[in-house]
Structure formats: structure tokens, C-alpha cells
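Each remark here refers to the structure printed beneath this line.
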Amino acid sequence: MQGYIINLNKVKEEDLIVTILSKKNLYTLYRFYGARHGTINIGFKIDYEIEDSSKATISRLKDVIHIGFPWMNDYKLLRLWQDFLALFHKHLKDTEDIGTFYFDLIEDSSQKWGKQNPKRIAVEAYVKILSHEGRLHYENICFLCSKKIENKISLLRAYLPTHERCSYTLSINAHALEELFTNHSSLFLSDKEIQRLWIVLLEGL
Ligand SMILES: [Zn+2]
């Protein structure tokens, strides 16, 4: 099986509790420390097996093979990737049936990650998530004062639209935002706007 590590917790010195997002499921598994085991980390894509144990309440993660990405040696790209994937744990950890959407989205993002500004890829992926979950707010009504927004839209967590004057955060060009929300493209957003949207994204999916 293949999946992405979205959370790690150290237990008993070197053993780990690992949460893996696979094609259709979220697995939380126990990995025993082994001197010859390669190190694993959040964001890694791995091939693995699950060994059920009648004694333990948690199944065991074994036969782990790390599947690298071409951009993996770039520390900055890796850190951004890890920050991005860690968001999925909080968001999905209590969900039972997650479907293939999230795995496919991460798979797609991993293939683009080294080719363009990764924050753009993450912002575009996040809008796809909001759209998939029916949480994308197209209508320009301010979340804080409930009045229509004519221009200068500022986004809060979950990309909720507000007046710039209501939230006191950097406003995003309305046309560029429409392109993002409608076609999931960040084409018309400046790097400064992308940086703002990335920071909002880090607050949680
Ligand atoms: Zn307002």
C-alpha cells in the first residue's frame, strides 16, 4: 500500500505512532524502532504493509519503503510540504470515510511542488478542498458585518470574505480572487497576495 505520513508521535523512546493518509483511508499505526529502519518523517510518501495484532489495539506498520520526490533535497520545499501535509491531520483525524479526494489532491500537488511556487500550489489545492467540502464562499458578503463587499476583499480563516476595513488584513484583488475561486487558478494573484493566503491557510484547513 502507499500513503502519505501526515502525523508522527514519538512513544517509548524511539517507537512511533504514525498516521498515514492512503488512497481511501486514514491509518494510525505503530512502528517499532529498528536500527536498520530508515528514518521517516511527516510529508514522506511511503510504501508499507499493515500487520494486525490480536494483542495490541493498534496495528503495526512494517516493510516501509520511502518513495522520494525529485525536489526532496531542497530543504525549503520540504519544510513547506511538511507544513502543508500536517494540516491534513487536524482536518481529517476524526473522519472515518475520507474517499480518494484528499490522496489524489496530495498526489497531484507533490508532482507540481518542485516546478512552481509551492505556496501557489497549496493555495489552489486548498480552494479545491473548500469547493469539495461545500465551504467555498463565492458571494461577496462580509463575514464580519454581513454587508456586501464592493471591492477590496480580505480573507480570513477558511477563506471567508470580509471587508478590508472590517478585518484589517491585506486585501486581495477581486478579479484575481474570482479566478481562484471559479477556476482554482492563482494566475492573477501576486506573490504578496499568495503569501497572505498561505498564512491564512496555515491557520487550518
Ligand atoms: Zn464588513
**Request:** Give the dimensionless ratio obtained when the Cα radius of gyration of the stretch 51-135 is divided by 2.2 N^0.38 Å.
**Result:** 1.30
**Asked** Which of the chymotrypsin sites (Phe, Trp or Tyr not before Pro) found in the stretch 1-67 are in a DSSP loop and have at most 14 neighbouring Cβ atoms, other than their own, within 10 Å?
**Response** F32, Y33
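Just the accessible area per residue of the chain, please: how many Å² with a 1.4 Å probe? Kindly include the intermediate steps, with their values, before the conclusion.
Numbers: 11270 Å² over 205 residues.
In whole numbers, the chain has 55 Å² accessible per residue.
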**Request:** Would you mind giving the average projected area, over all directions, of the Cα convex hull of the chain in nm² with one decimal?
**Result:** 12.9
**Request:** Kindly work out what percent of the DSSP beta bridges joining two residues of the chain are antiparallel, to the nearest 5.
**Result:** 95
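Using only alpha carbon pairs under 8 Å that are at least six residues apart, calculate the relative contact order of the stretch 14-89 and give it in whole percent. Mind showing how you got there, number by number?
Details: 94 pairs, mean separation 19.1, N = 76.
With pairs under 8 Å counted, the relative contact order is 25 percent.
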**Item:** Mean separation of Cα contacts under 8 Å, 6 or more apart, over the residue count of the chain: relative contact order %
**Value:** 15
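For the stretch 1-88, which GluC sites (Glu not before Pro) pass both filters: DSSP loop (anything but H, G, I, E, B) and at most 15 other C-beta atoms within 10 Å?
Numbers: sites: E13, E14, E49, E51; in loops: E13, E14.
Counting only loop positions with at most 15 other Cβ atoms within 10 Å, the GluC sites (Glu not before Pro) in the stretch 1-88 are E13, E14.
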**Message:** When a/c reaches 1.5 or more, the comparison of a/b and b/c decides; with that in mind, is the stretch 47-90 rounded, prolate or oblate per its Cα gyration tensor?
**Reply:** oblate
**Item:** Calculated [θ] (222 nm, deg cm²/dmol) that DSSP helices of n ≥ 4 give over the chain, each run adding -39,500 (n - 2.57)
**Value:** -10500 deg cm²/dmol
**Message:** Compute the angle between helix 174-183 and the longest alpha-carbon principal axis of the chain, please, reported from 0 to 90 degrees and rounded to the nearest 10.
**Reply:** 40
**Asked** In debye, nearest 20: dipole of the stretch 95-205 around its Cα centre with unit charges on the Cβ of K, R (+) and D, E (-)?
**Response** 500
**Prompt:** Roughly how many percent of the accessible protein surface of the stretch 1-103 is carbon and sulfur, given a 1.4 Å probe and a whole-percent answer?
**Reply:** 47
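Taking a ≥ b ≥ c as the square roots of the eigenvalues of the Cα gyration tensor of the stretch 9-101, is the shape rounded (a/c under 1.5), prolate (a/b larger than b/c) or oblate?
On the way: a/c = 1.76, a/b = 1.18, b/c = 1.49.
Oblate, because a/c is 1.5 or more while a/b does not exceed b/c.
Would you mind finding the longest exposed-site-free stretch of the chain, with exposed trypsin sites (Lys or Arg not before Pro) meaning DSSP loop and at most 16 other Cβ atoms within 10 Å?
Details: sites that count: K12, K23, K24, R36, K55, K93, K115, R135, K147, K152.
So the longest stretch without any such site is 153-205.
The values are calculated or read from the model by the stated rules, or taken from the named source; none is laboratory data. As the structure is a prediction and not an experimental result, all values here were calculated from the model. Methodologically, a virtual Cβ is constructed for each residue, glycine included, from the backbone with ideal geometry; neighbour enumeration extends over all protein chains shown. Only protein heavy atoms, including side chains, enter the accessible area calculation; ligands, DNA and RNA are left aside. Shrake-Rupley method; radii C 1.70, N 1.55, O 1.52, S 1.80 Å.
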